[in-house]
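The values are calculated or read from the model by the stated rules, or taken from the named source; none is laboratory data. On a predicted model such as this, the values are computed, not experimentally measured, just so you know. FYI the Cβ positions are ideal-geometry reconstructions off the backbone, even for glycines, and counts take in every protein chain you see. To get the accessible areas, we keep the full protein, side chains included, count just its heavy atoms, and leave off ligands, DNA and RNA. Shrake-Rupley method; radii C 1.70, N 1.55, O 1.52, S 1.80 Å.
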Amino acid sequence: MRAIFGMAALAGLFMAVCPAAAQTRWPNGAKAAVVLTYDDALASQLDHVVPELDAAGLKGTFFLANVHAEHVERWRAVAKQGHELANHTIFHPCTKASFPADPRYVSEAYTSASMIREIAQQEVLLRSLDGKQRHGFATPCGQSLAGGQDYLEDLRKAGIVTYVRGVVDTPADARANVAQADPMHIPSRGFGEGATAAKMIAYVREAEQGGGWAVFLFHGVGGDYLTVPDAEHRAFVRWLAEHRKDVWVTTLQGALDWAKAHP
């Protein structure tokens, strides 16, 4: 998973801001929407992120993979608190070059059909946690490959998930109206080791200037890996709470639903 940040950096610093031409009308005249997403169902997210968001009255989106049995009830409680739970597969299959992994669970060992079956099976767990019939999805390592072939169009046809969040975007994505975004190709910008509250705030300011959105991608916070320091994350969350008149902090599904209903 560490490899995704290096690859994404080469792709151009994860630009995921919709500029002024997008003209997305966010609630209560907000200048931009901010979406905080967290990958891999990490303990540090339960220990640090959820309490910080709850204290600030903000909601996040958590993409679950490799869920530990001892955390199931904690994730159920996270859903009850109004946060979004979403799909990240069961075993987080990436290419074998990404990081050391069980050879059974690298993407080269999958087919498009077997990847989609795994995503569908993870939906069973998610439904048991939050009662929702469909969820969003984030590609493991930002890769949409199974056996070397892209599976996103097959996933679209299957109708299992409501959207797919990646980790990079293209200039076309950055210019698009949020309401017109392809739900199978939602961009995000990653923040990991070395991230500061100032850098996170700067990303929000970019979105404000464009009247669009800033979709954040985090892994560990105050622990685990690709770790953002807890103090920096906490300072950023506090800043968001203090600027809630200008930025609307919502879940990824919430942002997409609003934009679609208010094109």
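Every residue in region 25-54 that is of a type in the set (D, E, K, R), within 18 Å of GLY82 (Cα to Cα), out of contact with any Gly (no Cβ under 8 Å at 6 or more places or on another chain) and in contact (Cβ under 8 Å) with a residue 60 or more places away in the chain, please.
Hits for region 25-54 are ASP39, GLU52.
Only one of (1) within 26 Å of PRO140 (Cβ to Cβ); (2) touching a strand residue (DSSP E or B) at 6+ places or on another chain (Cβ under 8 Å) is not met by ASP246, so which one is it?
(1)
Which one is least open to solvent (accessible area, probe 1.4 Å), of the residues in region 20-51 that are farther than 26 Å from GLY142 by Cα and not in a loop (DSSP other than H, G, I, E, B)?
Among residues in region 20-51 that are farther than 26 Å from GLY142 by Cα and not in a loop (DSSP other than H, G, I, E, B), the one least open to solvent (accessible area, probe 1.4 Å) is PRO27.
Where the second residue is open to solvent by less than 10 Å² (accessible area, probe 1.4 Å) and modelled with pLDDT of 90 or more and the first is among the acidic types (Asp, Glu) and lies in region 204-221, which pairs have Cβ atoms under 6 Å and are six or more apart or on separate chains?
Pairs that qualify, where the first residue is among the acidic types (Asp, Glu) and the partner is open to solvent by less than 10 Å² (accessible area, probe 1.4 Å) and modelled with pLDDT of 90 or more, are GLU208/ALA32.
Return only the number of the condition from (1) closer than 25 Å to ARG25 by Cα; (2) β-branched (Val, Ile, Thr); (3) over 14 Å from the mean Cα position of the chain (by Cα) that THR162 does not satisfy.
With (1) closer than 25 Å to ARG25 by Cα; (2) β-branched (Val, Ile, Thr); (3) over 14 Å from the mean Cα position of the chain (by Cα) applied to THR162, the lone miss is (3).
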